[in-house]
Amino acid sequence: MALKRISNSLVTRLVLFGMLLVVGGGVARYVMQTRYLREDLTQLVSAQQMALADEVAREVDYKIRERRRFIEQLAATFPLDQLGQPSRLEAWLAERHRLNPLFNLGLLVIATDGHVIVDFPRVSGRRGASTAGNPGFLRAVHGEAGVGAPLFGTFTKQPVLPVGVPLKDGRGRVQAVLVGVTALTAPDFLDRINQGRIGETGGFLLISPADKLFVAASDPDLLLKPTPSPGVNLLHDRAMAGFRGSGVTMNAKGVEELSAMASVPSTGWFVVARLPTAEAFAPIRRIKDNVVRYSVAAMAIVLLAAGLFMRVTLRPLYRAAHLAERMTQDEIPLKPLPVVRDDEVGHLTKAFNRLLDKLAGSQAELRRMAHHDGLTGLPNRMLLDDRMRQALARASRHGTQVAALFLDLDGFKPINDRLGHEAGDLALVEVAQRLSAVLRQSDTLARVGGDEFVMLAADLGEDAEVGAAALATRCIEALSLPLTIKGGPCRLGVSVGIAISGGASTPEAMLLAADQAMYMAKEQGRGRYVIAPEATGLPVLA
């Protein structure tokens, strides 16, 4: 009788119905929240991965183009009449190498039959060796300049990247080939990939689809190793066929990863930013655990309470769910939910609030990373391009002028080599502070490369050239005093190229003209500036 009475009791039915609601609601929340949170988090992390991949790809592309531009400049001034004089050629190469050692493993002059005529610095066995069978050499000897396939150097015993350009006479006939060789592990070349990490276990890959090789990787064991065979990694197969974007895939080691691919236009390579989903979706696992724990607690409460007590107890949850629903419908702005009591409902609310804070923080950090340099906090190339376009538009409307100053540090590499990259980073931060001190409040200072900065001075009058020259002089003076790095003095200088426009130029044209003017400043002895005229975009002596 007692059991029958209990089973027929309205309280029992309410308790059982409440338990059913709790169980059903817990399961529904578990499934729906897991699915939607995974979708949202996938979108957020994918956007972050794509931003990182794009940034690294742009940096790699810039460094490749920088090397191509340098070797093409050397080819334009190459003394063809000295091809039969190896000693004089070696002296010529040595002088250029010391001025700009972008190719740390040397510069080579190769005859049209494939034999190395001269190299600097000398590498044992390289001079006189034949490169006739190298595809990159064959392209260059037929008049096509470009980046060769990455390979393991026969004589340097290192993974290398050659860049070749044909040396033509006045009739356009190829007389020899000039080749620059850079170690793939050289400092300030592919460091973001070789040493970069995403989270605790993620990293980067640099892949050459044409050669089916890993050019660089956060995992050193992958360097110059062949890429996976078709069918092993489906997303990788799509990337090798030209897909650029993000997605979830299973890598060759059987680890599920969230990967994003971005192209390096100058070489046809692509950068992969990858992060194991176990790390990327760790918040979802925690939320799953929380949902399970809170559902069990809720069932215990239902077993111990009935009727009005259940309703009163769950009222804050109804209120929180109502507010959350209104937020998802954009009826009210996203904001922390009120915590009424420090019970299971309160814990769930706090967890939701922490998730909101984390998402907001991740979005803010993503926006900052996309527009600012991670080391100095200065605007990066993307933000500089936007501000240059705005400044040029204002100049076109108001008849003012804009000056772009391209600054390249003199003597920075020895600091890195002698004191290490940490000291180099400290030096770059100090340089950024000194240069920032000479700007007007309306001007912009951006870091666009390893030791390269750009100053943007907008809304200048007719004496823009005088003002830009004065600004360049202040920059040179600001870096004339020694820096104190690791307790000792370090000297740096700066060479400045200046481009001035009344609004008719593009940011790309101004930066190219300022960059060329900066190289002329270095050729004149460094520690000075050169102004490029707007009419031609080519630098002339200041």
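FYI, it's all coordinate maths here, none of it is from the lab. What you see is a predicted model, and the numbers here were worked out from it, not measured in a lab. Cβ: placed from backbone, ideal geometry, glycine included. Neighbour counts: every protein chain shown.
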Does anything in the stretch 394-417 have its amide N under 15 Å from the 7 Å Cα→Cβ label point of Lys486, and if so which residues?
412-417
Peptides ranked, highest mean first, by Cβ atoms within 10 Å: ranges 171-178, 60-67, 498-505:
498-505, 60-67, 171-178
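Could you calculate the FRET efficiency of Leu21 with Leu375 from 1/(1 + (r/R0)^6), where r is the beta carbon distance between them and R0 is 51 Å, rounded to 0.05?
On the way: r = 54 Å, r/R0 = 1.06.
Once rounded, the FRET efficiency stands at 0.40.
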At q = 0.16 Å⁻¹, what log₁₀ I(q)/I(0) does the stretch 37-187 have when each alpha carbon counts as one equal point scatterer in the Debye sum?
-0.82
Global form of the stretch 366-418, assessed from the alpha-carbon gyration tensor, a/c cut-off 1.5
oblate
Taking the alpha-carbon centre of each part, the distance from the stretch 110-143 to the stretch 408-450 in Å is 38 Å
Go through the stretch 84-99 residue by residue and turn each phi into a ³J(HN,Hα) via Karplus (6.51, -1.76, 1.60, θ = phi - 60°); whole Hz please, and just put x for glycine and proline.
x, 10, x, 5, 5, 4, 4, 4, 5, 5, 4, 4, 5, 5, 5, 5
Using a 7 Å offset from the Cα along the Cα-to-Cβ direction at both Asp221 and Val466, what is the distance between the two label points in nm, to one decimal?
6.7 nm
Sorted peptide list for 69-81, 102-114, criterion being average Cβ within 10 angstrom, highest first:
102-114, 69-81
What full-extension length gain, to one decimal in nm, is calculated for Ala132 and Arg65 as 0.36 nm per residue of separation minus the Cα-Cα distance?
21.6 nm
Within the stretch 242-273, name every residue whose backbone N is under 20 Å away from a label modeled 7 Å from Cα of Thr201 along the Cβ vector.
247-260, 272-273
Karplus-derived 3J(HN,Hα), 6.51/-1.76/1.60, for each residue of the stretch 220-231, Hz, glycine and proline x
x, 5, 8, 4, 6, 8, x, 6, x, 5, x, x
Mind listing P(r) for the stretch 381-532? All alpha-carbon pairs, 5 Å bins, whole percents.
2, 10, 20, 23, 19, 13, 7, 4, 2, 0, 0
Would you please give the residues with an amide H less than 5 Å from that of Gly527, counting only those at least 5 places away or on a separate chain, with H modeled from the backbone geometry?
Val494, Ser495
Estimate the FRET efficiency between Ala252 and Lys212 by the formula 1/(1 + (r/R0)^6), using the beta-carbon distance for r and 22 Å for R0, to the nearest 0.05.
0.95
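Ordered by packing density, taken as the mean number of other Cβ atoms within 10 Å over each peptide's residues, highest first, how do 159-167, 130-138 rank?
Numbers: 159-167: 23.0, 130-138: 15.9.
Descending packing order for the listed peptides: 159-167, 130-138.
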Going 7 Å from the Cα of Glu279 in the Cα-to-Cβ direction, what parts of the stretch 249-268 have a backbone nitrogen less than 20 Å from that spot?
249-262
In whole Å, largest first, the alpha carbons of the stretch 374-452 cover along the principal axes 50, 22, 18
Take every Cα-Cα distance within the stretch 55-288, group them into 5 Å bins from 0 onward, and report for each bin the whole-number percent of pairs it holds.
1, 6, 13, 17, 16, 13, 10, 8, 6, 4, 2, 1, 1, 0, 0
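As an exercise, use a Förster radius of 25 Å and the Cβ-Cβ distance of Asp169 and Arg122 to find the FRET efficiency, rounded to the nearest 0.05. Walk me through the numbers before you get to the answer.
Working: r = 27 Å, r/R0 = 1.08.
E(calc), rounded to 0.05, equals 0.40.
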Listed pairs Lys253/Lys350; Lys157/Lys522; Lys168/Lys413; Lys212/Lys358; Lys63/Lys212; Lys168/Lys522 exceeding 28 Å between Cα atoms:
Lys253/Lys350; Lys157/Lys522; Lys168/Lys413; Lys212/Lys358
